[in-house]
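The values are calculated or read from the model by the stated rules, or taken from the named source; none is laboratory data. The model shown is predicted, which means the values in this text are computed figures rather than measured ones. Heads up, the Cβs are rebuilt from the backbone with ideal geometry, glycines too, and the neighbour counts pull from every protein chain shown.
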Amino acid sequence: ITAEEVQLLYPGNKQSFRVKGVLNGVAIHQQALMPMGEGAFILPLNADLRKQLGVRLGYTVQGSLEKDATPVALSTDLLACLADEPEALAFFKSLTPGHQRYFSGWIDGAKTDATKARRIALTVQATARKMGYSEMIREEQARRKQQKEL
C-alpha cells in the first residue's frame, strides 16, 4: 500500500495500525497494516484469509480499506483480576494493544476453567513483575522443565 494511500487512511501515521474493509469481495476487520519503509505499508494475509480471497503469493487483490478504530475485546476475567492489582494493571495498560491481546488470547484459548484460572494467575503475577508475554512464557517453560527434572 503506497505512502499516499496510507496517508488517506491515517494521516501523519508511520506505525502499524488496524484496518477493515473488503478485499476481493471478502469483508475483513482488525487486520494490521505494517510499515515497510519510505511511507509504504504491507497488509500481511494469513493462510486462511488468502484461501478465502482465492489468492497466492504474488497475486493482487482489489478492495477498499479504512482505519479500524474498533477496540479489540480483552478477556473480562483477566481485566477483573488485574483491577485488584493496581501495579499489574498499570503495567498491562502500558503494553501495546497487540501485546495485551497476546495475554488475552492465551487466556481465552484455555479449554478448561482450571487452565483459564491458572493462566490468569500467571498473567497477573507476571505483569505485577513487569514481564511481557514472551518473558512470562519462557519463565513458565523453564519452571516446568525444572519440575520434570526433579
Can GLN15 be described as among the polar types (S, T, N, Q), part of a loop (DSSP other than H, G, I, E, B) and farther than 16 Å from ALA126 by Cβ? yes
Answer with yes or no whether ARG118 is assigned by TED's automatic domain parsing to the domain that holds GLN7, outside any loop (DSSP other than H, G, I, E, B) and of a type in the set (Lys, Arg). no
Identify, please: which residue in the range 104-129 is surrounded by fewer than 16 Cβ atoms within 10 Å (Cβ to Cβ) and among the β-branched types (Val, Ile, Thr) and is, among those, farthest from PHE91 (Cα to Cα)? THR112
Selection count where residues are modelled with pLDDT under 95, over 21 Å from the mean Cα position of the chain (by Cα), within 23 Å of LEU57 (Cβ to Cβ) and small (Gly, Ala, Ser), scope the range 4-39: 1
